[in-house]
1. When the convex hull of the Cα atoms of segment 4-191 is projected onto a plane and the area is averaged over all directions, what value comes out in nm²?
2. In nm, what is the difference between 0.36 nm times the number of residues separating MET1 and ALA29 and their Cα-Cα distance?
3. Between ALA140 and ALA63, what is the FRET efficiency for a Förster distance of 30 Å, r being their Cβ-Cβ separation, to the nearest 0.05?
4. Between GLU133 and ASP159, take the C-beta separation as r, use R0 = 22 Å, and let me know the FRET efficiency to the nearest 0.05.
5. Can you list the trypsin sites (Lys or Arg not before Pro) in segment 18-98 that are in a DSSP coil and have 13 or fewer other beta carbons within 10 angstrom?
6. So, in nm, how far is label THR182 from label LYS20 when the simple model puts each one 7 Å beyond its Cα toward the Cβ?
7. Only loop residues by DSSP count here, and only those with at most 14 other Cβ atoms within 10 Å; note down the GluC sites (Glu not before Pro) in segment 72-113 that meet that.
8. What list do you get for LYS199, LYS121 if you sort them by fewest beta carbons within 10 Å?
Amino acid sequence: MRFTVAIDGPAAAGKGTIAKAVAARFGFAHLDTGLLYRAVGRKVLSGVPPAEAARRLTEDDLAGEDLRAPEVGQAASRVAVLPEVREALVGFQRAFARREGGAVLDGRDIGTVICPEAEVKLYVVASDLRRAERRFRELAARGVATTEAEVLAELRERDRRDSERAAAPLRPAPDAILLDTTGLGIDEAVAQAVAAVEKALRSGRSG
């Protein structure tokens, strides 16, 4: 069975947590596509040209706690606006999405560009204040020195850059299901996502 779940949305809205839970619930493979851009961003910070970094990317590059560092996230957002970087990573993502056994991909252009034919498309959002609170707690738990105000400013700047870029801007697919996690706990958000997938599976929508 080939079955793709595309989960998009801005940073810290909860799409990664939801994607992991959905993949585990149904036994699907999971790809955090943001890690692809973070891995490219990390290579760029070390001096590798963006397009070359994207072409040379391997699955081994997706490991490492430093991929979650704030400076790597900002570098990822900067390289993600480059059409040549996005083009170099499209094939990797599409092949993963249509693997046998089902797949969940989360990112910013999965339902609109990478997998427009996905059986389920979710667009996960939350207020910027709620997202900043979540990201601040996450960074503080890892010992990163920052403030909630700084995190909020970075999130807003990243939202602007992701939404205004010419190549695959951040936006919901026309047929995406909107999932607002501002006032939801993790279990509630995951339950809504699981229900959407179960409905599609019952209707026989698989490739």
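Laboratory data are not the source of any read-out in this text; all were calculated from the coordinates shown. Computed from a prediction, not measured in an experiment: that's the story for all the values here. Positions of Cβ are backbone-derived with ideal geometry, glycine not excepted, and every protein chain shown enters the neighbour counts.
1. Details: hull surface 40.3 nm².
Averaged projected area of segment 4-191's Cα convex hull equals 10.1 nm².
2. Working: separation 28, 0.36 × 28 = 10.08 nm, distance 1.23 nm.
Result for the pair: 8.8 nm of gain on full extension.
3. Numbers: r = 23 Å, r/R0 = 0.78.
It comes out at approximately 0.80.
4. Working: r = 15 Å, r/R0 = 0.70.
Between GLU133 and ASP159 the formula returns 0.90.
5. Working: sites: LYS20, ARG25, ARG38, ARG42, LYS43, ARG55, ARG56, ARG68, ARG78, ARG86, ARG94, ARG98; in loops: ARG56, ARG98.
Of the trypsin sites (Lys or Arg not before Pro), the ones in loops of segment 18-98 whose Cβ has at most 13 other Cβ atoms within 10 Å are ARG56.
6. For the pair THR182/LYS20, the computed spacing is 2.6 nm.
7. On the way: sites: GLU84, GLU87, GLU100; in loops: GLU100.
Counting only loop positions with at most 14 other Cβ atoms within 10 Å, the GluC sites (Glu not before Pro) in segment 72-113 are GLU100.
8. Numbers: LYS199 12, LYS121 24.
Ranking LYS199, LYS121 by Cβ neighbours within 10 Å, fewest first, gives LYS199, LYS121.
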